[in-house]
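The values are calculated or read from the model by the stated rules, or taken from the named source; none is laboratory data. Here the structure is a predicted model, which is why all the values come from computation and not from measurement. Backbone-built Cβ (ideal geometry, glycine too); neighbour counts: all protein chains shown.
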Amino acid sequence: MEASEQISSFVEFLETNYKAALFEQVSKGHKFIDIDLTELSKFSPELAEDLLDNPEEVLKAGEIAVERFDFEGDIKGFTLRFFNLPKSQIIEISNIRHKHLNKMIQLKGVIRQKSDVRPQVTSAKFECPSCGNIIPVLQNDQKFKEPSGCGCGRKGKFRLLSKELVDAQKIVLEEAAEDLDGGAQPKRINIFLKNDLVTPLSERRTNPGSKIEITGVLNEVAMPSKDGGKLTRFDLMIETNHVTPIEEDFTQLTISQEEEDEIKIIAKDKKVYDKLAQSIAPSVFGYDKVKLALVLQLMGGVKKTRNDGVSTRGDMHILLVGDPGAGKSQLLKRMHIVAPKSRYVAGKSASGTGLTAAVVKDEFLGGWALEAGALVLSNKGMCMIDEMDKMSDEDTSAMHEALEQQTISISKANIHATLHAETAVLAAANPKFGRFDPYGLIANQIDLPSTLINRFDLIFPIKDLPSRDKDAKMANFILNLHKNIDMLKDAEIINTKLIKKYVSYARRIKPKLTTEAVEELQNYYVQMRNSGGEEESGIKAIPITARQLEALVRLSEASARVRLSEKVTKEDAKRSIELVHYCLSQIGLDPETGKIDIDRISSGITASERSAISIVKEIINELDVKFKKEIPFAEIIKEAESKNINKDKLEEVIEKLKRAGEVYEPKRDFLQKI
């Protein structure tokens with residue numbers, strides 16, 4: 001089509017289909033309009049084809065067509081933004097080739113990096129000092145261009161009269177993990193946004209971690225060589241025409257009526273919990289309680305935002321600590337497949353910034369750009385962190401905010417941003433010495449900061465102890481699995497695809513606590529809080545804290561979601577109590593008192609130890625008054641024995657006091673207060 005034909009076709013098309021929408025956009029002061037390409041191809045297939053093959057020319061024709069309308073105000077530079085391209089133009093980032101250059105294409109992905117918004121020159125006007133001629137120059141390249149010469153014969157030194165600026169921003173788009181085959185490396189491409197695509201409103205759509213679909217024109221960018229020339233290799237960049245955010249989470253999956261009926265039938269089954277637990281990881285033998293907890297983690301609790309603006313998280317975090325070869329990584333890998341949106345990272349290869357967010361140098365527009373990490377990319381999904389004990393303390397400390405507040409705040413290189421990380425974390429770690437010591441305390445063998453451990457709702461110790469009966473069953477299961485690959489087809493009661501749909505459907509339900517459930521949870525909490533018993537020194541063991549109470553609520557809500565129920569019943573509360581109590585009794589048991597003590601996990605010092613420390617400090621204070629300075633060790637032993645503290649325990653406590661800088665040894669067998 002000729003340019004004049006294109007313009008008249010556009011005028012006719014806009015007149016019949018988009019006149020009211022055009023008037024509305026202009027009256028609001030906007031300089032763009034969204035157009036469905038299928039409507040244009042119905043009206044004029046030839047024009048639609050021209051648009052895909054020569055987008056720059058046709059878009060310019062559309063711009064001129066809008067100017068033909070009699071609108072009030074400035075409509076210069078009005079843009080037509082197209083979406084819904086035909087399937088032939090929807091391309092994966094990894095499949096982009098040179099044949100797509102200067103064509104209009106559509107692609108989708110996750111935003112990994114985002115630069116600041118900066119002004120960019122689109123055209124400049126120069127005046128020739130000799131003859132006064134005005135020369136306009138379009139600025140398409142990265143370098144600012146001046147006229148090479150004037151009609152009067154003058155070469156160089158022209159006076160800059162004016163330049164047109166637009167707001168510009170670069171984002172880096174990466175293929176979404178779920179669109180990749182197997183373990184393929186996700187490919188990236190530079191996306192260039194300008195004008196209304198970088199307004200504060202559209203800025204929010206393009207935060208790192210968001211999933212978007214874009215329509216744009218593929219251009220090549222010359223790569224400069226070190227000596228100032230140009231390389232034969234070119235980089236690719238997409239000049240964006242339209243951006244659509246894709247809500248990408250558990251609720252995004254489309255469920256057919258047939259599947260919905262199937263889900264409702266499963267939910268009514270009395271054995272629905274066992275069926276889901278068995279289907280979660282059929283290739284891992286045993287671990288029924290862990291599998292049930294993983295089902296509840298997939299379902300999640302309900303996020304609540306109160307009137308005062310404070311919100312409580314609905315996602316729950318689970319930590320598996322166990323012996324090597326016990327199948328922890330298998331469970332994590334399987335959950336990575338089952339969860340509708342997830343990321344898998346492994347300890348040594350994951351840094352703090354790789355998990356949260358990083359500020360990186362932006363080569364394209366200059367300045368700094370924000371790059372999202374795994375927890376941000378799995379927002380409204382799940383993140384699996386394997387080998388967590390291999391991560392350094394600096395890296396694990398970066399996760400604190402993400403686990404509790406579910407946001408990631410970053411303040412670096414003059415970038416201050418808060419990113420959403422509404423992510424359920426499933427982590428796995430080995431004990432401190434590689435394998436659990438069956439006679440040692442489990443809590444002392446978890447080599448992670450107590451502040452981090454405290455944020456996990458459930459902590460499962462996975463012990464691999466020899467047992468003739470259990471070992472025979474496991475060996476039989478594993479060997480049959482190798483012998484018959486299709487064995488799991490019968491074992492997997494609900495297939496993976498349906499589990500994803502089931503979870504997606506269940507998460508749309510927002511169950512509320514009933515009075516019976518509240519009473520059940522309250523009774524357990526009060527009973528546990530006061531079961532610590534009074535110690536002689538008045539220091540009580542604290543078996544459970546408000547954090548565990550919130551975990552109980554989340555687990556109860558998740559349990560109701562499994563049944564697709566709007567109400568959390570007494571049975572749901574009992575199920576959550578059983579899981580929490582199991583974890584506490586495994587990890588929080590104080591061997592001296594035989595009671596559960598949460599401090600064993602959260603601070604590493606039990607109530608009985610705290611009690612012994614306070615008694616010994618009292619003895620030292622009394623003897624300090626009597627002996628004035630140096631206190632003989634024999635006197636301390638005598639006093640301690642009268643208060644039922646044996647010599648070994650006393651030495652252990654004094655060692656702790658020395659480390660804390662409360663006492664020191666001026667000479668052998670004497671102590672002195674600092």
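Overview of results
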item	result
Hey, L173 out of contact with any Lys or Arg (no Cβ under 6 Å at 6 or more places or on another chain), under 30 Å from G216 (Cβ atoms), surrounded by 11 or more Cβ atoms within 10 Å (Cβ to Cβ) and at pLDDT 75 or above or not	yes
Residue within region 89-111 that is more than 31 Å from the chain's Cα centre (by Cα), surrounded by fewer than 16 Cβ atoms within 10 Å (Cβ to Cβ), at pLDDT 80 or above and of a type in the set (A, V, I, L, M) present	yes
First in region 270-296 and more than 16 Å from L564 (Cα to Cα) and touching a residue at least 60 places away in the same chain (Cβ under 8 Å), second anywhere and hydroxyl-bearing (S, T, Y) and surrounded by fewer than 16 Cβ atoms within 10 Å (Cβ to Cβ), Cβ under 7 Å, 6 or more apart	K289/Y582
Selection count, region 283-315, where residues are outside any strand (DSSP E or B) and hydroxyl-bearing (S, T, Y)	2
Some residue of region 316-329 being surrounded by 15 or more Cβ atoms within 10 Å (Cβ to Cβ) and assigned to a helix (DSSP H, G or I)	yes
Residues being outside any strand (DSSP E or B), modelled with pLDDT of 70 or more, touching a Lys or Arg at 6+ places or on another chain (Cβ under 8 Å) and closer than 16 Å to I111 by Cβ - total across region 176-227	4
Residue count, region 417-458 (criterion: more than 25 Å from A402 (Cβ to Cβ) and in a helix (DSSP H, G or I))	2
Those residues of region 270-282 which are within 22 Å of A472 (Cα to Cα) and in a helix (DSSP H, G or I), in sequence order	Q278
Residue match in region 78-86 (condition: part of a loop (DSSP other than H, G, I, E, B) and touching a Leu at 6+ places or on another chain (Cβ under 7 Å))	yes
Qualifying residue in region 550-557 (condition: in contact with a helix residue (DSSP H, G or I) (Cβ under 6 Å, 6 or more places away or on another chain), closer than 30 Å to E258 by Cα, modelled with pLDDT of 90 or more and assigned by TED's automatic domain parsing to the domain that holds I462)	yes
Subset of region 262-276 that is of a type outside the set (K, R) and more than 31 Å from the chain's Cα centre (by Cα) - its residue that is farthest from G286 (Cα to Cα)	I265
